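Asks: Below is one structure. I have some questions about it.
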Amino acid sequence: MKWLLSILLSIELLVGADVFGQNQVFSDTVKITVAEADKRFLEKNLLLLASRYDIDAAKAQVLQARLWENPSVYYEQNVYNPQSKKYFDASKSGEFILEASQLIMLAGKRNKRIKLGNTNAEIAEYQFFDLLRTLKYELRTNLIELYFLQQSYYMFQDEIRTMRNTVKLYQTQYEKGNIPLKEIIRLKAFLFNMENESKDLLSQITLRQTTLHVLLNDKSRSFFSPVLDKKEIDSLNVREVNLQSLIDSANVNRYDLKAYRSSQKYEEQNLAYQKALAVPDLRFGGVFDRNGNYIPNYYAVSIAMDLPLLNRNQGNIEIAKKKFERSKVLTEEYENRVEAEVAGALSRSIEYNDLYSNFDNKFTGEFDRLIGGILINYEKRNITLIEFIDFYEAYKASVIQMNQLQINRLNAFEELNFSVGKPVIKY
């Protein structure tokens, strides 16, 4: 008997714990729709703001590539003139040399360099939009999971309140000697189990709240409560979409795929640029020598060019060729991967949508109506404790599984949108 009393005392202490203790970090509840979350996300997400600077930096590289080379100036002054016995003699009898020259790039190097900069800026823009696609997918799935986890949590809280009242009632009956100790212990153990499951749900909710605050750059410590239109969600249908049209759309709208194709174009342009570097540049200039040449006040024109006898940029050209070939293979591989992702996402969307469509939505509602009657019948001793707990377990499982099915279904739709690169299933 002593060990039963010890168990009873422990369960009473644990059940009395504050189930909302984990939620004290949040200040107030804020309802938020998907559209509102999207708007906040686009305006405030720090990763998107940082990525925009990458685009600006890439555009600045294009500006740099357009600049011409600076002219070069050379000045040489005689230190001491023994004839005039002057230091740094700048008179007509002194000696100095002045040269000015300008590098003239041949083989279209400047234009090729500009093309490389433009393509690099293009890649930066595609990477920004791909980051936007990825973060928006994370935002949407986080909202979906948060909504249905909260629905499960609210169900637990309703049933926990009901079960607490039942435990109090049966505690009184136990103290009067009307029911055995093992029955009240079993009820309290069941309540304790529900409290634990509720805390697990709350932990998952808190984790998603944290993710949502980061994505929305929200520092208000608000507790977000997503709002979804149940009728609109139930009416979503994925059977009307065609796989080939989705693949064609992905080939146009997937910015990560566009980035791969632009990277291939970049490597092709780099190969052309490396070949152009094999052509030596021309340096054109003028020279003035006051007294150091065969005649005073010597004027001359200079032209200089490296002779491409030994170094014709052979190594860099070969490297560029291999990188270009590699980029073609990687682009083809990624195109195949995109097609596979679209096909897989569509298959999962159809699978979960069919499973949801075949599920009787009245099933959970019937459970809700029965729960009160089951409790009354148990209190009247018309059903046993085992039957009562079995029904509660079945009720909990059905609600959790139904909410998880809706999470899987909507997440599959979001995965389809993510794989195509644009909204296919809208809500």
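The values are calculated or read from the model by the stated rules, or taken from the named source; none is laboratory data. Keep in mind that this is a model prediction, so the values were computed, not measured. Note that each Cβ is placed from the backbone with ideal geometry, even for glycine, and that neighbours are counted across all protein chains shown.
Asks: Within the bounds of region 106-126, is there any residue that is over 30 Å from LEU216 (Cβ atoms), modelled with pLDDT under 95 and surrounded by fewer than 16 Cβ atoms within 10 Å (Cβ to Cβ)?
Replies: no
Asks: Also, quick follow-up: Considering GLN22, GLN102, which residue is modelled with pLDDT under 95 and not acidic (Asp, Glu)?
Replies: GLN22
Asks: Something else: Out of all the residues in region 134-170, which are surrounded by 19 or more Cβ atoms within 10 Å (Cβ to Cβ) and under 10 Å from the mean Cα position of the chain (by Cα)?
Replies: Within region 134-170, LYS136, LEU139 meet the criteria.
Asks: Using the structure shown, decide if ASN217 is over 28 Å from ASP354 (Cα atoms), under 25 Å from the mean Cα position of the chain (by Cα) and surrounded by fewer than 18 Cβ atoms within 10 Å (Cβ to Cβ).
Replies: Judged against the criteria, ASN217 is a match.
Asks: Further, regarding this structure: Working only within region 227-237, note down all residues that are in contact (Cβ under 8 Å) with a residue 12 or more places away in the chain and either over 18 Å from ARG140 (Cα atoms) or out of contact with any Leu (no Cβ under 9 Å at 6 or more places or on another chain) (or both).
Replies: Once the filter is applied, which keeps residues that are in contact (Cβ under 8 Å) with a residue 12 or more places away in the chain and either over 18 Å from ARG140 (Cα atoms) or out of contact with any Leu (no Cβ under 9 Å at 6 or more places or on another chain) (or both), region 227-237 yields VAL227, ASP229, GLU232, ASP234, ASN237.
Asks: If VAL73 meets every condition in (1) surrounded by 11 or more Cβ atoms within 10 Å (Cβ to Cβ); (2) touching a residue at least 24 places away in the same chain (Cβ under 8 Å) apart from one, which number is that one?
Replies: Only one criterion in (1) surrounded by 11 or more Cβ atoms within 10 Å (Cβ to Cβ); (2) touching a residue at least 24 places away in the same chain (Cβ under 8 Å) is unmet by VAL73, namely (1).
Asks: For the structure I just gave you, tell me whether LEU207 is at pLDDT 95 or above, assigned to a helix (DSSP H, G or I) and touching a Ser or Thr at 6+ places or on another chain (Cβ under 9 Å).
Replies: The answer is no for LEU207.
Asks: If you go through region 380-427, how many residues are in a loop (DSSP other than H, G, I, E, B) and within 30 Å of VAL252 (Cβ to Cβ)?
Replies: Count: 7.
Asks: If you scan region 41-67, which residues turn out to be outside any helix (DSSP H, G or I) and either touching a residue at least 12 places away in the same chain (Cβ under 8 Å) or surrounded by 16 or more Cβ atoms within 10 Å (Cβ to Cβ) (or both)?
Replies: Across region 41-67, the qualifying residue is only ASN45.
Asks: Let me ask something additional. Filter region 348-378 down to residues that are assigned to a helix (DSSP H, G or I), at pLDDT below 75 and touching a helix residue (DSSP H, G or I) at 6+ places or on another chain (Cβ under 9 Å), then give me how many there are.
Replies: So the count comes out to 8.
Asks: Listed residues ILE303, ILE317, ILE295; which is at pLDDT below 95 and aliphatic (A, V, I, L, M)?
Replies: Matching residue, one of ILE303, ILE317, ILE295: ILE295.
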